[in-house]
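Enquirer: Below you will find the structure I want to go over with you.
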Amino acid sequence: MKLTRNIDDLGRKSRLIGGIIASLCALALIIAWAFTGSRAMLITGIVLCITGPFMIFEAARGWCALRAMGIKTPR
């Protein structure tokens, strides 16, 4: 899969903001898991730990993985 730019500036900004929010939520959930021991918080935190930085990577490259696979996204 080639990493050619396939999203506009608005799409890049929205992915960057979403990635930052997802990463911060991941951090909060993992900290909350340390106090509560909830397995659901840990799993959700790990998933967000993966998706947040990936969204930031997409914003930095101007590339959307879903669009590269042929799925139409709004931006």
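Enquirer: List every residue pair whose Cβ atoms sit under 6 Å apart, with the two residues 6 or more apart in sequence or on different chains, where the first one lies in the range 5-25 and is at pLDDT below 95 and the second, anywhere, is surrounded by fewer than 16 Cβ atoms within 10 Å (Cβ to Cβ) and part of a helix (DSSP H, G or I).
Expert: Within 6 Å, the pairs are Asn6/Arg67.
Enquirer: Could you list, in sequence order, all residues of the range 41-55 that are within 14 Å of Cys25 (Cα to Cα) and of a type outside the set (Gly, Ala, Ser)?
Expert: The answer is Met41, Leu42, Ile43, Thr44, Ile46, Val47, Leu48, Cys49, Ile50, Thr51, Pro53, Met55.
Enquirer: Let me ask something else. With respect to Ile30, determine if the residue is open to solvent by 60 Å² or more (accessible area, probe 1.4 Å), at negative phi and modelled with pLDDT of 95 or more.
Expert: The answer is no for Ile30.
Enquirer: Can you pull out every residue in the range 12-57 that is within 21 Å of Met69 (Cα to Cα) and over 13 Å from the mean Cα position of the chain (by Cα)?
Expert: Correct list: empty.
Enquirer: Does Ile56 satisfy the condition of being without any contact (Cβ under 8 Å) to a residue 60 or more places away in the chain, in contact with a Lys or Arg (Cβ under 9 Å, 6 or more places away or on another chain) and open to solvent by less than 70 Å² (accessible area, probe 1.4 Å)?
Expert: yes
Enquirer: Separate question: Of the residues Met69, Met41, which single one is within 16 Å of Leu3 (Cα to Cα) and not acidic (Asp, Glu)?
Expert: Met69
The values are calculated or read from the model by the stated rules, or taken from the named source; none is laboratory data. Nothing here was measured: the structure is a model prediction, and the numbers come from that model. So basically every Cβ, Gly included, is an ideal-geometry build from the backbone, and we count neighbours across all protein chains shown. Side chains included, ligands, DNA and RNA excluded: accessible areas come from the protein's heavy atoms. Shrake-Rupley method; radii C 1.70, N 1.55, O 1.52, S 1.80 Å.
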